[in-house]
Amino acid sequence: MNKAVFIDRDGTIITEKGYLSDPSGVEILPTAVEGVRLLKEAGFKIAVVTNQSGVGRGYFSLEELNNVHQYVLDYFQKNKASIDKVYFCPHAPGDNCSCRKPKPGMIEQAQQALDIDLSQSYMIGDSVEDIQLGQGKGVLSVLVLTGYGEDTKTKTTPDFIAKSFLEAVQWILRNPRKG
Ligand SMILES: [Mg+2]
Ligand SMILES: [Zn+2]
């Protein structure tokens with residue numbers, strides 16, 4: 001089985017822009033590539049897990065969303081920091097689906113597809129929902145202070161609070177889980 005780091009997208013590895021629908025608007029956060037590269041070198045699978053209700057709300061199409069994700073995947077791969085897979089929830093809050101964070105659907109899909117041992121795994125994100133998702137599935141959770149992180153830090157109790165994505169990664173690498 002594999003250990004994994006589940007990673008939020010907006011505000012965690014790319015700038016939070018609110019309903020981003022075009023690759024030209026993607027801004028990779030400064031330490032995201034280096035952080036993912038270090039995690040890959042340490043043997044982690046990397047699964048991005050992102051709520052994209054802009055699809056369900058009719059703000060952008062699945063095709064536009066997939067274009068954004070292909071751009072992000074290509075960018076990381078070119079920089080020797082391959083993301084294994086992007087999981088997204090396209091539903092609106094009222095749809096009552098099983099994948100919108102903090103519901104566990106995306107982690108459960110990744111767990112099966114990538115053969116992940118959750119007791120060896122971690123979550124990195126900037127929102128309450130990210131931390132709740134991690135805690136609900138028994139993975140250690142790191143809050144980053146990018147994106148909504150500053151607003152989130154008084155509202156949740158992550159295992160660690162990191163100023164940047166790289167600092168989150170360094171904490172993970174210093175704190176291997178016993179499983
Ligand atoms: Mg986020
Ligand atoms: Zn969903």
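No value in this document is a laboratory result; all are computed from the given coordinates. Quick caveat: nothing in here was measured; it's all calculated off a predicted structure. Using ideal geometry, Cβ is built from the backbone for each residue, glycine included, and neighbour counts are taken over all protein chains shown.
Report the net charge of residues surrounding Asp95, where surrounding means a beta-carbon distance below 15 angstrom and charges are Lys +1, Arg +1, Asp -1, Glu -1.
Net charge around Asp95: +4.
Summing -39500 (n - 2.57) over the DSSP H runs of n ≥ 4 in the chain and dividing by its residue number, what mean residue ellipticity at 222 nm do you reach, to the nearest 500 deg cm²/dmol?
Values: 7 runs with 63 residues, N = 179.
Calculated at 222 nm, the ellipticity per residue is -10000 deg cm²/dmol.
Once phi is turned into θ = phi - 60°, what whole-Hz ³J(HN,Hα) does the Karplus curve with 6.51, -1.76 and 1.60 give for every residue of the stretch 110-120, x standing for Gly and Pro?
5, 4, 6, 5, 9, 6, 9, 8, 5, 6, 10
What is the spread of the Cα atoms of the stretch 8-162 along each of their three principal axes, largest first, in whole Å?
Here the Cα extents, ordered largest to smallest, are 37, 36, 33 Å.
Using the 4.7 Å Cβ rule, please list in number order the cysteines from the chain without any candidate partner.
Cysteines of the chain left without a disulfide-compatible partner: Cys97.
Can you tally the net charge around Ile161? Count Lys and Arg as +1, Asp and Glu as -1, for every other residue whose Cβ sits under 15 Å from the Cβ of Ile161.
Values: positive: Lys153, Lys155, Lys163, Arg174; negative: Asp8, Asp126, Asp130, Glu150, Asp151, Asp159, Glu167.
Its environment carries a net charge of -3.
Within the stretch 1-94, which trypsin sites (Lys or Arg not before Pro) sit in a loop by DSSP and count at most 15 neighbouring Cβ atoms inside 10 Å? Walk me through the intermediate numbers first.
On the way: sites: Lys3, Arg9, Lys17, Arg37, Lys40, Lys45, Arg57, Lys78, Lys80, Lys85; in loops: Lys3, Arg9, Lys17, Arg57, Lys80.
Answer by residue number: Lys17, Arg57, Lys80.
Given an 8 Å cut-off on Cα distances and at least 6 residues of separation, report the relative contact order of the stretch 56-171 as a percent.
Details: 135 pairs, mean separation 17.8, N = 116.
With pairs under 8 Å counted, the relative contact order is 15 percent.
Suppose each label sits 7 Å from its Cα in the direction of the beta carbon; what would the Lys78-Ser24 distance come out to in nanometres?
1.7
Could you check the spin-label model distance between Asp151 and Asp95? Points 7 Å from the Cα along Cα→Cβ, value in nm.
Once both label points are built, they end up 2.2 nm from each other.
Pairs Lys101/Lys137; Lys3/Lys40; Lys80/Lys153; Lys17/Lys101; Lys17/Lys103: which exceed 20 Å Cα-Cα? Each step should come with its number before you reach the end.
Numbers: Lys101/Lys137 12 Å; Lys3/Lys40 10 Å; Lys80/Lys153 31 Å; Lys17/Lys101 18 Å; Lys17/Lys103 23 Å.
Those over the limit are Lys80/Lys153; Lys17/Lys103.
Post the alpha-carbon centroid distance, the stretch 135-179 to the stretch 12-36, in whole angstrom.
18
Rounded if a/c is under 1.5, else prolate if a/b beats b/c, else oblate: with a ≥ b ≥ c from the C-alpha gyration tensor eigenvalues square-rooted, which is the stretch 1-40?
Working: a/c = 2.85, a/b = 1.91, b/c = 1.49.
Since a/c reaches 1.5 and a/b is larger than b/c, the shape of the stretch 1-40 is classed as prolate.
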